[in-house]
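Asker: Handing you this structure, nothing more for now.
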Amino acid sequence: MVRKMIYLINPISGTQKKEKIKDLITRKTRAEGIHFEILPSRADGHYDDLRKTIKRDSITDIIICGGDGTLNAVVHALQGIDIRIGIIPIGSGNSVALAAKIPRQTGRALDIIFQGHAYPVDAFHINEKFSCALCGIGFDAEVAHEFAKQKTRGLQTYLRISTMKFFSSKPYPFEIKLQDRVITKDAYFISIANSNQFGNNVTIAPRASMSDGLLDIVIVKKMNKMLLPFSVLLQVAGNNRLMEVVEYFEEKNIIYVQTDKIIIRNPSHAPMHIDGEPVDTSTEFNIRIIPHCFKLLQSAMPKA
């Protein structure tokens, strides 16, 4: 099969200079003898013209130069089309890329695009919305909403906002239906993860796989706020074991389980983000996995 690629570059993603990225893409792709085109991503997420171009020109690969939000919009728009997705991670978090062991360096990411293989990756729905990586309700969504307002992006900005929001954070009431069990809890946040991390290799769901047909659910319960950072660090470090849904959760500060679907009732309208992008919240979330949703170019088959 003759490969034909379209690179989609998000002009506001991350902090790297886009002209240097374009120059490196052009040089390395020409050296591979691959037909390609470089286009900007769309802020409105409308890719009807791209769908037509893929079919008309027999495009084989769409390469996303951006972060999780750009990946989300493109993958969602291209559902139903047989296409390989590659990532050059230049976003602020890059959760999916880093979980898939795709390096941040543009040249090394291009090597995987040229030499790697496309493996199936899951995604999931939150009501009518779509996610590739991670959905958060509560504290981390507060951070995402504030982060989106900033003129300067990057890890330093994210850490500054997280620290600021921590001191004003409060738990929210939730009712969570897991299989046949209903759990009523106050929690600082709930993460629903397909990827294993928030981004920047901060692994909120250390046991997560993007191809196992399961979501990793992390519920950070109400606790003494002085204990909160330490409890979250234990989760990030992988010290909290994966629990069974039928277990007794009362003595745990953090609940960590896997499931293919979950319903979360949110009576206080806690904020939500999807793949790092702020979205409108709801009083109820019906969340379900989409197994093997798209094909991602990687250097090795992901562990199920």
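The values are calculated or read from the model by the stated rules, or taken from the named source; none is laboratory data. Bear in mind that the values here come from a model prediction, so they are computed numbers and not experimental data. In this analysis, Cβ positions are derived from the backbone assuming ideal geometry, glycine residues included, and neighbour counts consider all displayed protein chains. Side chains are part of the model used for accessible areas, which takes the heavy atoms of the whole protein and leaves out ligands, DNA and RNA. Shrake-Rupley method; radii C 1.70, N 1.55, O 1.52, S 1.80 Å.
Asker: Once label points are set 7 Å from the Cα along Cα→Cβ at both Ala31 and Arg181, what is their separation, rounded to one decimal in nm?
Answerer: 5.3 nm
Asker: I would also like to ask the following. What chymotrypsin sites (Phe, Trp or Tyr not before Pro) does region 230-304 have in DSSP loop regions with at most 14 other beta carbons within 10 Å?
Answerer: When the chymotrypsin sites (Phe, Trp or Tyr not before Pro) of region 230-304 are filtered for loop state and at most 14 Cβ neighbours within 10 Å, Tyr248 remain.
Asker: Based on DSSP H runs of at least 4 residues, each adding -39500 (n - 2.57), what is the mean residue ellipticity at 222 nm of the chain after dividing by all its residues, to the nearest 500 deg cm²/dmol?
Answerer: Rounded to the nearest 500, the figure is -8000 deg cm²/dmol.
Asker: Per residue of region 197-209, what does 6.51 cos²θ - 1.76 cosθ + 1.60 with θ = phi - 60° give for ³J(HN,Hα)? Whole Hz please, x for Gly and Pro, Karplus curve as stated.
Answerer: After applying 6.51 cos²θ - 1.76 cosθ + 1.60, I find 8, 5, x, 6, 6, 8, 8, 6, 10, x, 8, 5, 10 Hz.
Asker: Let me ask something else. Student exercise: in region 121-254, how many lysine pairs 8 or more apart or on different chains have Cα atoms under 12 Å apart?
Answerer: Lysine pairs meeting the criterion: 9.
Asker: Could I ask something else about it? Using R₀ = 35 Å, calculate the FRET efficiency as 1/(1 + (r/R₀)^6) where r is the Cβ-Cβ separation of Phe230 and Glu128; round to 0.05.
Answerer: Rounded to the nearest 0.05, the efficiency is 0.40.
Asker: Would you mind checking which residues have amide H under 5 Å from Asp260's amide H? H placed 1.01 Å from N; only 5 or more apart, or other chain.
Answerer: The answer is Leu215.
Asker: Give a residue-ordered list of calculated ³J(HN,Hα) values for region 179-185 (Karplus: 6.51 cos²θ - 1.76 cosθ + 1.60, θ = phi - 60°; whole Hz; x for Gly, Pro).
Answerer: Working through the residues one at a time gives 6, 9, 10, 10, 10, 9, 9 Hz.
Asker: On average, how much accessible surface per residue is there in the chain, in Å², for a 1.4 Å probe, leaving out ligands, DNA and RNA?
Answerer: Here the per-residue accessible area is 47 Å².
Asker: Using modelled backbone amide H atoms (1.01 Å from N, in-plane), which distant-in-sequence or interchain residues come within less than 5 Å of Asp275's amide H?
Answerer: Amide H neighbours of Asp275: Ala133, Leu134, Cys135, Gly136.
Asker: Cross-link candidates for Lys4: which lysines have Cα within less than 28 Å, leaving aside residues fewer than 8 places away along the same chain?
Answerer: Of all the lysines, those that pass the test against Lys4 - Cα under 28 Å, at least 8 places apart if same chain - are Lys17, Lys18, Lys20, Lys22, Lys28, Lys52, Lys55, Lys101, Lys295.
Asker: Another one. Each residue of region 132-144 in turn: what ³J(HN,Hα) in whole Hz from Karplus with 6.51, -1.76, 1.60 and θ = phi - 60°, glycine and Pro shown as x?
Answerer: Values per residue, Gly and Pro as x: 9, 10, 7, 10, x, 10, x, 4, 5, 6, 4, 5, 4 Hz.
Asker: Something else about it: Calculate how many DSSP beta bridges within the chain are antiparallel, expressed in % of all such bridges and rounded to the nearest 5.
Answerer: 75 percent
Asker: Any idea how far apart Ser268 and Thr157 come out in nm if each label point goes 7 Å out from Cα toward Cβ?
Answerer: Using points 7 Å along Cα→Cβ, the separation is 2.9 nm.
Asker: While we're on this one: Over region 196-304, what relative contact order in percent results from Cα pairs under 8 Å that are six or more residues apart?
Answerer: Over region 196-304, the number comes to 29 percent.
Asker: Next question, about the same structure. Computed from these coordinates, which is Cα extents along the principal axes in Å: (i) 59, 38, 33; (ii) 63, 39, 32; (iii) 84, 51, 37?
Answerer: Checking each listed value against the structure points to (i).
Asker: Now for a different question. Which residues' amide hydrogens lie under 5 Å from the amide hydrogen of Leu178, considering only partners 5 or more residues apart or on another chain, with H built in the peptide plane?
Answerer: When sequence neighbours closer than 5 places are left aside, the close amide H contacts are Ile183.
Asker: Then there's this: Counting only protein heavy atoms, what percent of the accessible surface of the chain is carbon or sulfur at a 1.4 Å probe?
Answerer: 52 percent
Asker: Calculated FRET efficiency, Asp44 and Ala237, Cβ-Cβ r, R0 51 Å, to nearest 0.05?
Answerer: Working from the Cβ atoms, E equals 0.80.
Asker: Run the numbers for Asn201 and Val246: contour at 0.36 nm per residue of separation, minus the present Cα-Cα distance, in nm.
Answerer: Stretched out fully, the Asn201 to Val246 stretch lengthens by 13.2 nm.
Asker: Of all trypsin sites (Lys or Arg not before Pro) in region 138-217, which ones are in loop regions per DSSP and have a Cβ with at most 11 other Cβ atoms within 10 Å?
Answerer: Lys149, Lys151
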